[in-house]
1. If you keep only loop residues by DSSP, which trypsin sites (Lys or Arg not before Pro) in the stretch 94-155 have at most 11 other Cβ atoms within 10 Å of their Cβ?
2. Please work out which option in (i) 135; (ii) 114; (iii) 148 gives volume of the Cα convex hull per residue in Å³ calculated from these coordinates, and answer with its label.
3. So what is the relative contact order for the chain, in percent, with contacts set as C-alpha pairs under 8 Å and at least six apart?
4. Just name one of Tyr36, Tyr153, Ala15: the one whose Cα is farthest towards the positive end of the charge dipole of the chain (beta-carbon charges, Lys/Arg +1, Asp/Glu -1).
5. With +1 on the Cβ of every Lys and Arg and -1 on the Cβ of every Asp and Glu, and nothing else charged, how large is the dipole of the chain about its Cα centre, in debye rounded to the nearest 20?
6. Pull up all non-local amide H partners of Asp134: gap of 5 or more, or a different chain, and H-to-H distance under 5 Å with H placed in the peptide plane.
7. Report ³J(HN,Hα) in whole Hz for each residue of the stretch 102-112, in order, from the Karplus equation J = 6.51 cos²θ - 1.76 cosθ + 1.60 where θ = phi - 60°; Gly and Pro get x.
8. How large is the dipole of the stretch 61-113 about the Cα centre if only Lys and Arg carry +1 and Asp and Glu carry -1, each at its Cβ, rounded to the nearest 20 debye?
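The values are calculated or read from the model by the stated rules, or taken from the named source; none is laboratory data. Since this is a predicted model, take the numbers as computed values, not measurements. When we count neighbours, we look across all protein chains shown, and the Cβ atoms used for this are built from the backbone with ideal geometry, even at glycine. In case anyone asks, the SASA skips ligands and DNA or RNA and just uses the protein heavy atoms, side chains included. Shrake-Rupley method; radii C 1.70, N 1.55, O 1.52, S 1.80 Å.
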Amino acid sequence: MTVDAPSWTIVPQPAGSPESAALLRAYLVDIADRWYRLHHDRGVTPEEIERHLAEMAADDLAPPHGVLLVARYGGEPAGCAGLLRRDAWTAEVTKVFVREDRRGLGGAPRLMAAAEETARGWGTRRLVLNTRRDLVEARALYARHGFTAIEPYKPLEEDPFAEVWLGKELGA
């Protein structure tokens, strides 16, 4: 007897949908909590989450200049990745996240592959992203997907928490 294991599906979804909003909130809670624990020796508060959510508009993750890819595991929302057009040949990968209870099941590599496939469909030749030094799992994921260090591609005012800048050439 064979038992079917849950599988991953990844599809574009409006960033403002309830499921997308819940995933983006979980993403922010995860990265903000890590930052506050590292820099303030405490977790992030609900008030800080609300303030950061207001600052982290996701309406740019909509066609024609962006997309939010939502990953489902066994039909349940489990992760996301955003993609933004920076210019005619460059796209930025952003907000890559997999729920803690679904990590280690292959969702993050699938999200990265889906983001790259989407970018190629746009005619993108280069992917860029930024992250923080303390997000070691994310940095390892990006390295496994061929991202290497680059110079900053946008002003620090646009993303004051950026510490590491990475890029990947997709070719023509």
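1. On the way: sites: Lys95, Arg99, Arg102, Arg103, Arg110, Arg120, Arg125, Arg126, Arg132, Arg133, Arg139, Arg144; in loops: Arg99, Arg103, Arg125, Arg132, Arg133.
The qualifying sites are Arg133.
2. Answer label, from the structure shown: (i).
3. Working: 264 pairs, mean separation 32.1, N = 172.
Once divided by the residue count of the chain, the mean separation gives 19 percent.
4. Value computed over the given set: Tyr153.
5. Working: 22 positive and 26 negative charges, 113 e Å.
The dipole of the chain has a size of about 540 debye.
6. Long-range HN contacts for Asp134: none found.
7. Whole-Hz 3J(HN,Hα) from phi for the stretch 102-112: 10, 6, x, 10, x, x, 4, x, 5, 5, 5.
8. Working: 8 positive and 5 negative charges, 10 e Å.
About 40 debye.
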